[in-house]
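The next block holds one structure in the form of structure tokens; read it before the comments.
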Amino acid sequence: MNSHLVVIGAPGSGKGTQAGKLVSERLYNHISTGDLLRAEIKKQTDLGLKVSKIIESGQLVSDDIVMELLLQNCDLKNKAYIFDGFPRNVEQASMLSKQLLKNSPYVAVYFKIDQDLLISRIVNRRSCPNCGEIYNLISKLPSAPDRCDKCGHLGLTHRKDDHKDIVENRLEIFTKNIQPMLDYYQAIGKLSIIDASESEEKTFTSLLKII
Ligand code: AMP
């Protein structure tokens with residue numbers, strides 16, 4: 001079984017897209033806390049109702065709620081995971097390692113990217129509500145307008161929190177939290193860094209060299 005992979009990066013750094021590529025090629029399971037939370041909102045569970053406004057405003061949901069969701073959705077004994085969107089701060093990094101990964105082998109990869117590129121990447125991001133495939137109106141259009149290449153679903157969506165004012169909020173939170181997280185993984189010898197401002201293919205090649 002592969003070591004687990006913890007991907008860290010700003011919204012729009014491409015970590016979700018790269019995780020998707022790894023899942024199709026390398027027998028990983030992709031677990032995205034953002035996707036898990038959005039699924040709760042879609043199903044209108046108590047948890048979903050509780051977190052929907054927080055997510056729409058670009059703020060972070062509480063560490064305990066997200067950790068609990070992760071614990072409920074992982075089967076670490078039998079599967080290798082890519083953790084995407086968790087951790088978001090050093091407290092979550094420590095929770096992930098102490099409560100979930102424990103002695104399981106893992107690597108943390110930081111998708112380093114110039115902040116200026118991010119806003120344009122995110123506001124142009126669209127995704128398939130059916131299979132989760134990610135597109136971009138500038139760099140990765142679907143072959144037929146508004147139709148998902150992967151599953152054929154018609155009607156790609158623009159996340160509410162991917163609009164410019166909210167994106168700025170999310171990037172500010174990211175900037176505040178990233179350095180302590182990187183220091184944490186550096187100190188325990190688990191940190192690798194890749195240049196995520198490169199093309200999707202080049203970034204994927206860099207990622208393959210690490211795992
Ligand atoms: P994402 O899809 O990873 O960009 O996450 C979308 C939103 O879900 C974030 O802006 C947060 O509101 C919430 N969220 C996702 N993951 C976490 C996390 N690890 N901790 C707290 N909130 C999270």
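Computed values, structure above
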| quantity | calculated |
| --- | --- |
| Test: residue in segment 47-54 that is among the aliphatic types (A, V, I, L, M), away from the ligand (no atom under 14 Å from the Cβ) and either out of contact with any Pro (no Cβ under 9 Å at 6 or more places or on another chain) or touching a residue at least 40 places away in the same chain (Cβ under 8 Å) (or both) | yes |
| Filter result (among the aliphatic types (A, V, I, L, M) and under 21 Å from Ile122 (Cβ atoms)) within segment 141-156 | Leu141, Leu156 |
| Residue in segment 77-85 that is away from the ligand (no atom under 13 Å from the Cβ) and farther than 24 Å from Leu207 by Cβ present | yes |
| Criterion: closer than 22 Å to Lys21 by Cβ and either of a type in the set (Gly, Ala, Ser) or surrounded by fewer than 16 Cβ atoms within 10 Å (Cβ to Cβ) (or both) - qualifying residue of Gly85, Gly155 | Gly85 |
| Residue that is at pLDDT below 95, of a type in the set (S, T, N, Q) and crowded, with 19+ Cβ neighbours inside 10 Å, where the choices are Ser120, Ser127 | Ser127 |
| Filter result (surrounded by 15 or more Cβ atoms within 10 Å (Cβ to Cβ) and at positive phi) within segment 130-152 | Gly132 |
| Conditions (1) of a type in the set (A, V, I, L, M); (2) over 25 Å from Ile193 (Cα atoms); (3) near the ligand (Cβ under 10 Å from one of its atoms); (4) touching a Ser or Thr at 6+ places or on another chain (Cβ under 9 Å): number failed by Leu70 | (2) |
| Residues that are touching a helix residue (DSSP H, G or I) at 6+ places or on another chain (Cβ under 7 Å) and within 7 Å of the ligand (Cβ to nearest atom), drawn from segment 29-39 | Ser32, Thr33, Leu37 |
| Matching residues in segment 137-174 - criterion: being over 20 Å from Val61 (Cα atoms) and touching a Lys or Arg at 6+ places or on another chain (Cβ under 6 Å) | Leu154, Leu156, His158 |
| Ser52 among the small types (Gly, Ala, Ser) and either more than 22 Å from Ile210 (Cα to Cα) or in a loop (DSSP other than H, G, I, E, B) (or both) | yes |
| Segments classed as helices (runs of 4 or more DSSP H), wholly inside segment 87-204, with at least 3 members that are within 13 Å of the ligand (Cβ to nearest atom) and hydrophobic (A, V, I, L, M, F, W, C) | 90-95, 164-187 |
| Of all residues making up segment 96-115, the number that are within 17 Å of the chain's Cα centre (by Cα) and buried (at least 18 other Cβ atoms within 10 Å of the Cβ) | 7 |
| Thr17 within 14 Å of the ligand (Cβ to nearest atom), hydroxyl-bearing (Ser, Thr, Tyr) and touching a Leu at 6+ places or on another chain (Cβ under 7 Å) | no |
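Residue by residue, here is whether (1) in contact with a helix residue (DSSP H, G or I) (Cβ under 9 Å, 6 or more places away or on another chain); (2) under 23 Å from Ala10 (Cβ atoms); (3) of a type outside the set (S, T, N, Q) holds:
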| position | (1), (2), (3) |
| --- | --- |
| Ile41 | yes, yes, yes |
| Lys53 | no, yes, yes |
| Gly58 | yes, yes, yes |
| Val61 | yes, yes, yes |
| Val66 | yes, yes, yes |
| Leu69 | yes, yes, yes |
| Asp75 | no, no, yes |
| Asp84 | yes, yes, yes |
| Gln92 | yes, yes, no |
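The values are calculated or read from the model by the stated rules, or taken from the named source; none is laboratory data. These numbers were taken from a predicted model, which means no experiment stands behind them. We place every Cβ from the backbone using ideal geometry, glycine too, and count neighbours over all the protein chains shown.
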